[in-house]
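Structure first, commentary second.
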Amino acid sequence: MRWSERQREMLAAMGVRLFESSPPAATHAVELPAALAEAVPAPTPTVPTDARGDIGAMDWPALRAAVAGCRACGLCESRKQTVFGVGSEQARLMIVGEAPGEQEDVQGEPFVGQAGKLLDNMLRAIGLTRGEGPPERQVFIANTLKCRPPRNRNPDPTETARCAPFLSRQIELVRPRLLLAMGRFAAQSLLATDEPIGRLRGRVHRWRDTPLVVTYHPAYLLRTLADKARAWDDLCLAASVLEQTQ
Ligand code: URA
């Protein structure tokens with residue numbers, strides 16, 4: 001936490017010592033006296049909670065610009081670039097993954113690494129693509145997080161919460177007939193649940209009014225070939241939901 005000069009002077013006057021970085025091992029938590037706590041304005045957070053305007057009212061260009069300039073969590077410090085999403089803005093199927101990896105961070109497009117190749121093959125198997133062919137065959141692909149977590153670590157809850165309005169607005173603008181959540185993070189954050197993926201797949205959920213099917217993340221399938229058959233079942237379920245909403 002960083003303190004202003006005024007706060008520092010007031011605290012020093014109270015005999016309270018501040019440690020900006022790592023405090024010595026045996027310090028005790030210091031309770032601010034009530035009067036002082038009132039007198040000292042709360043420190044300004046280094047990361048603004050939402051300096052991004054009214055995301056829920058943005059059109060595509062405004063949303064793209066807001067994502068590109070977002071500094072709402074610490075991932076903005078380590079990303080090379082934001083990864084907005086790719087595909088048709090009128091897609092019938094919208095795919096939601098977890099977060100950009102190393103290749104995505106470099107290229108600015110979701111799912112371009114090995115997992116992306118598998119995703120493209122899975123899509124092709126049900127007659128869909130990420131960018132070529134007739135518009136009704138194209139999907140839109142986005143991630144839960146728009147920035148790469150360092151060393152591809154799991155997204156943390158603050159990052160997920162700060163990024164969620166972007167994904168919500170993307171879904172509102174695409175208005176897909178079906179959402180396909182790939183992997184635990186996408187499924188759990190869209191459905192606001194902590195149920196494991198094994199219990200979420202195999203049925204049709206709803207994100208607001210939009211049907212949502214859950215499947216395994218392609219990166220997981222690259223490591224766990226035995227679950228590819230289950231992922232195929234999920235794709236067939238997705239294809240049949242799409243068919244019913246022609
Ligand atoms: N994994 C994801 O979830 N998204 C990407 O864009 C790449 C890998």
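Of all the residues in segment 182-230, those that are in a loop (DSSP other than H, G, I, E, B) and either within 13 Å of the ligand (Cβ to nearest atom) or open to solvent by less than 20 Å² (accessible area, probe 1.4 Å) (or both) number 3. Would you check which residues across segment 129-162 are exposed (fewer than 13 other Cβ atoms within 10 Å of the Cβ) and either within 25 Å of residue 53 (Cβ to Cβ) or not assigned by TED's automatic domain parsing to the domain that holds residue 236 (or both) and list them? Across segment 129-162, the qualifying residue is only 157.
For (1) out of contact with any strand residue (DSSP E or B) (no Cβ under 6 Å at 6 or more places or on another chain); (2) more than 30 Å from residue 236 (Cβ to Cβ), each residue gets a yes or a no:
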site	(1), (2)
122	yes, no
126	yes, no
133	yes, no
139	no, no
143	no, no
147	yes, yes
151	yes, yes
154	yes, no
159	yes, yes
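State whether the residues of segment 120-128 include one that is assigned by TED's automatic domain parsing to the domain that holds residue 216, open to solvent by 30 Å² or more (accessible area, probe 1.4 Å) and within 14 Å of the ligand (Cβ to nearest atom). Yes, segment 120-128 contains at least one residue that is assigned by TED's automatic domain parsing to the domain that holds residue 216, open to solvent by 30 Å² or more (accessible area, probe 1.4 Å) and within 14 Å of the ligand (Cβ to nearest atom).
Residue-by-condition table, conditions (1) within 16 Å of the ligand (Cβ to nearest atom); (2) in a helix (DSSP H, G or I):
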residue	(1), (2)
133	no, no
141	yes, no
145	yes, no
151	yes, yes
161	no, yes
164	yes, yes
176	no, no
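Contact map, segment 131-148: residues that are over 20 Å from residue 100 (Cβ atoms) paired with residues that are part of a strand (DSSP E or B) and among the β-branched types (Val, Ile, Thr), Cβ distance under 7 Å, separation 6+ or inter-chain. Pairs shown: 137/129; 138/129. Here the condition is being modelled with pLDDT of 95 or more and on the phi < 0 side of the Ramachandran plot; of 45, 61, it holds for 61 alone.
Checked against (1) open to solvent by less than 20 Å² (accessible area, probe 1.4 Å); (2) in contact with a Pro (Cβ under 7 Å, 6 or more places away or on another chain); (3) within 10 Å of the ligand (Cβ to nearest atom), residue 105 passes all but condition (2).
Rundown of residues vs (1) within 12 Å of the ligand (Cβ to nearest atom); (2) buried (at least 17 other Cβ atoms within 10 Å of the Cβ); (3) under 13 Å from residue 147 (Cβ atoms), yes/no style:
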residue	(1), (2), (3)
68	no, no, yes
71	no, no, yes
80	no, no, yes
86	yes, yes, no
92	no, yes, no
96	yes, yes, no
99	yes, yes, yes
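The values are calculated or read from the model by the stated rules, or taken from the named source; none is laboratory data. All figures in this text were calculated on a predicted structure; none of them were measured in a lab. We place every Cβ from the backbone using ideal geometry, glycine too, and count neighbours over all the protein chains shown. To get the accessible areas, we keep the full protein, side chains included, count just its heavy atoms, and leave off ligands, DNA and RNA. Shrake-Rupley method; radii C 1.70, N 1.55, O 1.52, S 1.80 Å.
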